Amino acid sequence: MEKFGISQPVRRREDVRFITGAGRFNADHNLDGQAHIFYLRSPHAHARINSIELAAARSAPGIVAIFTGDDLIADKLEPLPFQGDVETRTGEPMFRPPRHALAVGHVRHVGEPVAMVIAENLDQAHDAADLIEIDYQALPAVTDTAGAVEPDAPTVWPEAPDNLCAHWQNRDFAELDSIFAAAPKIAEVHIVNNRVVGCPMEPRNALAEYDAEADVITLYSPTQGVHRVHDYLTKLVFKVAAENIRVVSFDVGGGFGLRGRVSVEVVSIMWAAKKLGRALKWSGERSESFFADSHGRDNVTHAKLAMDQDGKALALYIDTIANMGAYLSISGPRVPTWNGQRITGTAYAIPVLYQSVRLAFTNTTPTDTYRGAGRPEAAYVMERLMEAAADVIGVDSAEIRRRNLIATSALPYTNTQDIVIDSGDFVDTQGKAMAKAGWDGIEARRAEAKARGKLRGIGIGFFMESSGGQPAEQVEVSVGDEGRIEALVGTFSHGQGHETVFAQVVSEKMGVPYDDVTIIQGGADTSLMSFGGGTHGSRSSQMGGVALVRACAMVIEKGKVIAGHLLQAGDAKVEYEAGVFRAAAGTITIAEVAQASQDPDKLPEGTDPGLKEEYFYKRANKEFNFPNGCHIAEVEIDPDTGIVEVVNYTAVDDSGIVLNPMIVHGQAHGGIAQGIGQALMERTVYDETGQLLTATFMDYTMPRADDFPDFNVSDNPIPSPNDLGVKGAGEGGCCGAPSAVVNAVIDALKGLGVRHVDMPLTPELTWRIIREAQSQGAH
């Protein structure tokens, strides 16, 4: 079992079905008699809807029904309930605009659904949509994040004339005023964290059917765990009993945070399926992924670090404008506030912190969670500040970090947000990364590149994030008659390899062969179990894994009781190892115990039948774990074209005890790819009227395999104080890569006098930066 136990690079079980074409994705699922949906979406970023003429469309061939926002109002379907309030320091409530499943009265971003066209086939739905006549009265729009809070900016919502949803602050800045006034040194940056689009390989889709006899709506849709979706739909949207809605997810082609919540389309589809008594299917088109899926990031930040003469931090000031888009997504306001704030300062010892976040409305697609969800943004602020601090103090970028990283002797360390950072060795992690990246040899490589006409640079991106997500999880472990073990887990894999990793955990903890373990994802179907936390926030190993370990221990303890009874061991101690229970009176296998457990006559008094246990794990609210790592990027820039090439990339991550290095490193690769994509090429662009100019892969550049070098990824595992010693591993790449690449580019351009650039560093932008620097006489 050592070959298949914890920390072994076991190949993913899931891959067999995927690479042989046996994957079952939601868009492939169909029901007899289903009708098809096409959403007519707003071509305007901001407009009043004066009228909608549907007569011609309703008489088109194959039309089943056409619905608008007025139909939802008439049926008393309320706007989507909002759950993501953040507390403001003043106590002033957030403004929470109503968000209907179909537009009512106004449209506020390009792509907002206005009409739902249902036909016997999709072509007929498309054709009928072309016949709908809508009288729009265009209104001024605002799309610029910082510009949205300017006094003369167009207003998105009359109830928020300053375009502010809320102004969140952690304290009064006056408390820091004297520190900054007296500080010997101050580093300062003004940075943009660019808006990105998730665009998972499988576009969003949904299929709903209504069973009138049972009064049950079943939703088939890709999610990151069905139970959060189910709770929202039953308790808040439709306000029905749990058994009246079932949610099912098959294999999911990418999540990235986009599938964690309920979308407006899902609500209207379920409502219409019940109203019509017909199965209804919607398959999102690729263009809809750009203007209708929630977007990520989009912050503008001004930050300052007060330091002593040697560069040690005294106080940190951060002021951010965060773009919410036209409506509030469920987690939208929490991403730049609570999600990011809990690890603001990351792995650095920051004595005092002031943080301000203005949540701004614009006429753009709403923003929500995107891989990392606030933590990459927090890391980017700190790493750009550290580069500026190195310049101010006159030391290299590695040294300024060493002086400020939290010392191992200070752990557990309570940061300024009252979050306890439990473990890590940050200085050692940085040292290991520098050694692997050949940090000390950069000048020789820089000179060699210069001889070829290239500019070479190296940059650090240190990160620390908090993982854990929803603070509860449920599992059930049972042993069958043949000794096979089945584990029902409330998490849900959409690329993380749970079927493999959890089987490794059970194999080791239960001492049974890996092939005798079956993992069932309870997070895939609400009919399988009553609760599941799903997969988000790099939570599955900490929450699902720990719950699984405890459930296995409970099964073993129950097995000991039954085995002792069967062996007539009396008060003698029963031991368990490798599938066998032992006592002085003899031995009995786990399969034999499982068989006997089905017969009440063979059980000790008071023992429930079956060798199975259920465990519900609830952690404390602030009990996160803290993955961290040092990423180092090395780039070459062609000054004639502005093309930036990442030639080396090194990552040393502390993800605690690594359950499966092959899978963990694969997660790192994916996150790094997304982070480099944001740093160099991914750019969401709106024009002044609010039109999305980057709505296809012809305009929005997605990184490809040949944009990356081989990643040199390794581990510096410092166990976290949980049952498995694990930390999250899914989002670190997104946290470390952007700043590592940007800092490397700045290092390459320092000979030209360039000390600041903003993402994404496209060839055109980089070329212009070089030309501007050259025109100012830099060498």
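The values are calculated or read from the model by the stated rules, or taken from the named source; none is laboratory data. Everything numeric in this text was worked out from a predicted model, so none of it was measured. Virtual Cβ from ideal backbone geometry, glycine too; neighbours counted across all protein chains shown. To get the accessible areas, we keep the full protein, side chains included, count just its heavy atoms, and leave off ligands, DNA and RNA. Shrake-Rupley method; radii C 1.70, N 1.55, O 1.52, S 1.80 Å.
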So which lysines pass the test for Lys558, namely a Cα distance under 24 Å, with those fewer than 8 places away in the same chain ruled out? Lys509, Lys573, Lys602, Lys612, Lys618
What is the stretch 645-779's relative contact order, in percent, from Cα pairs under 8 angstrom and six or more apart in sequence? 37
State in Å² the accessible area per residue of the stretch 411-522; use a 1.4 Å probe, count heavy atoms of protein chains only, and round to the nearest integer. 33
Among Ala563, Gly438, Thr367, which residue has its Cα positioned farthest towards the positive end of the charge dipole of the chain, with +1 placed on the Cβ of Lys and Arg, -1 on the Cβ of Asp and Glu, and the dipole taken about the Cα centre? Gly438
Geometric extent, Cα atoms of the stretch 87-232 - Rg, Dmax (angstrom): 23.0, 75
Stokes-Einstein diffusion coefficient for the chain at 10 °C in a medium of 1.306 mPa s, Rh from the Kirkwood formula over Cα pairs: what value in µm²/s? 57
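Take each of the peptides 635-646, 481-492, average the number of other beta-carbon atoms within 10 Å over its residues, and list them starting from the highest.
Ranked from most to least packed, the peptides come out as 481-492, 635-646.
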What is the packing order of peptides 139-146, 651-658, 183-190, 705-712, taking the mean over residues of other C-beta atoms within 10 Å and listing the highest first? 651-658, 139-146, 183-190, 705-712
Per residue, how large is the accessible surface of the stretch 149-288? Use a 1.4 angstrom probe and give square angstrom. 39
As a test of understanding, state the convex hull volume per residue of the stretch 511-652 from its alpha carbons, in Å³. 220
Could you tell me how far the Cα centroid of the stretch 184-228 sits from the Cα centroid of the stretch 658-707, in Å? 16
Largest-first ordering by accessible area, 1.4 Å probe, given options Trp271, Trp338: Trp338, Trp271
Regarding the stretch 380-504, what's the average projected area of the Cα-atom convex hull, expressed in nm²? 13.5
Could you let me know the centre-to-centre spacing of the stretch 480-530 and the stretch 263-331, using Cα atoms, in angstrom? 32
Figure the gain on full extension for Thr701 and Asp215 (residue separation times 0.36 nm, minus the Cα-Cα span) and round it to one decimal in nm. 170.4 nm
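Can you tell me the accessible area per residue over the stretch 19-80, all protein chains present, probe 1.4 angstrom, in square angstrom?
Per-residue value: 51 Å².
Relative contact order for the chain: what is it in percent, counting Cα pairs under 8 Å that are at least 6 residues apart?
On the way: 1930 pairs, mean separation 118.8, N = 779.
Value for the chain: 15 percent.
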Taking the mean number of other Cβ atoms within 10 Å as a proxy for protection, how do you rank 586-599, 351-364 from highest to lowest? 351-364, 586-599
Can you grab the distance from the C-alpha centre of the stretch 545-612 to the C-alpha centre of the stretch 342-381, Å, no decimals? 50
Computed helical MRE - 222 nm, the chain, DSSP H runs ≥ 4 contributing -39500 (n - 2.57), nearest 500: -7500 deg cm²/dmol
Report in % the part of the accessible area of the chain that belongs to carbon and sulfur, leaving out ligands and nucleic acids; probe 1.4 Å. 50
Estimated FRET transfer efficiency when R0 is 41 angstrom, pair Leu411-Glu764 (beta carbons, to 0.05): 0.35
